[in-house]
Amino acid sequence: MKLLKKKIREEGIVEPGGILRVDQFLNHRLDIEFINEVGIAFKDIFRDRPVDKILTIESSGIAIATITAQYLHVPVVFAKKNIHVNLPNEVYIEQVESFTQKKNNQLVVAKKMLCHGENILILDDFLAKGNALQALLNMVQKAGANVTGIGIVIEKAFQGGGDRIRDLGYDLVSLATITAMDDQSVTFSDED
């Protein structure tokens with residue numbers, strides 16, 4: 001997606017330790033016109049697949065998922081980070097280490113939100129090591145639902161998460177795949 005690569009180059013900030021900050025347009029301050037284009041891109045990629053629900057993680061995945069959901073005409077379920085008092089007793093819980101937060105989170109989804117036999121599209125903003133994505137896949141599997149696709153806005157391929165998930169047989173599509181980052185430069189997969 002050319003617009004995404006342009007936004008990363010012009011507004012993204014590369015920090016030490018493999019961190020790419022895109023908080024000016026994707027995961028803190030939201031550029032809604034841009035996120036609408038992301039939603040259209042995911043709609044175009046996944047429109048011919050059966051999708052009953054979109055699954056994502058709070059909070060950065062919610063905007064991407066909701067914009068895409070309006071085009072696919074399906075609801076969005078998001079995994080909460082940690083247990084809340086307003087959740088029912090029956091929940092799926094997965095422990096996940098956050099690459100950017102440098103801490104463990106509990107991802108929680110009420111069992112009634114994921115039903116046996118449903119077709120689930122998973123969307124998220126970033127894919128690095130794949131820990132959070134693996135947690136969502138575990139929940140879908142426990143529910144007896146099907147993953148019909150995975151859409152990621154930015155994949156940091158050099159951290160291996162995408163390869164690990166694809167090796168499990170999942171169809172994972174990233175709108176921008178970064179193969180290297182150093183200082184202030186970013187290399188995309190189609191530029192290698």
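The values are calculated or read from the model by the stated rules, or taken from the named source; none is laboratory data. What you see is a predicted model, and the numbers here were worked out from it, not measured in a lab. Please note: Cβ atoms are built from the backbone with ideal geometry, for glycine as well, and neighbour counts cover all protein chains shown. Surface accessibility is based on the protein's heavy atoms, side chains included, excluding ligands, DNA and RNA. Shrake-Rupley method; radii C 1.70, N 1.55, O 1.52, S 1.80 Å.
Tabulated values for the structure
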| quantity | calculated |
| --- | --- |
| Qualifying strands (runs of 3 or more DSSP E) (wholly inside the range 50-169; at least 2 residues being of a type outside the set (A, V, I, L, M, F, W, C) and open to solvent by 40 Å² or more (accessible area, probe 1.4 Å)) | 76-81, 91-98, 103-110 |
| Answer residue from the range 19-42, given it is of a type in the set (S, T, N, Q) and within 16 Å of the chain's Cα centre (by Cα) and is modelled with the highest pLDDT among those | 36 |
| Odd one out for residue 45, checked against (1) open to solvent by less than 30 Å² (accessible area, probe 1.4 Å); (2) under 16 Å from the mean Cα position of the chain (by Cα); (3) under 19 Å from residue 157 (Cβ atoms) | (1) |
| Out of 118, 155, sole residue that is under 22 Å from residue 42 (Cα atoms) and touching a residue at least 40 places away in the same chain (Cβ under 8 Å) | 118 |
| Some residue of the range 97-105 being charged (D, E, K, R), in contact with a strand residue (DSSP E or B) (Cβ under 6 Å, 6 or more places away or on another chain) and modelled with pLDDT under 95 | yes |
| Failed criterion for residue 12 (all others in (1) over 14 Å from the mean Cα position of the chain (by Cα); (2) crowded, with 18+ Cβ neighbours inside 10 Å; (3) modelled with pLDDT of 95 or more; (4) not aromatic (Phe, Trp, Tyr) hold) | (3) |
| Pairs with Cβ under 8 Å, 6+ apart, first in the range 16-28 and at positive phi and open to solvent by less than 50 Å² (accessible area, probe 1.4 Å), second in a loop (DSSP other than H, G, I, E, B) and among the small types (Gly, Ala, Ser) | 18/128 |
| Per-region count, the range 173-192, residues in contact (Cβ under 8 Å) with a residue 24 or more places away in the chain, over 20 Å from residue 38 (Cα atoms) and not in a strand (DSSP E or B) | 2 |
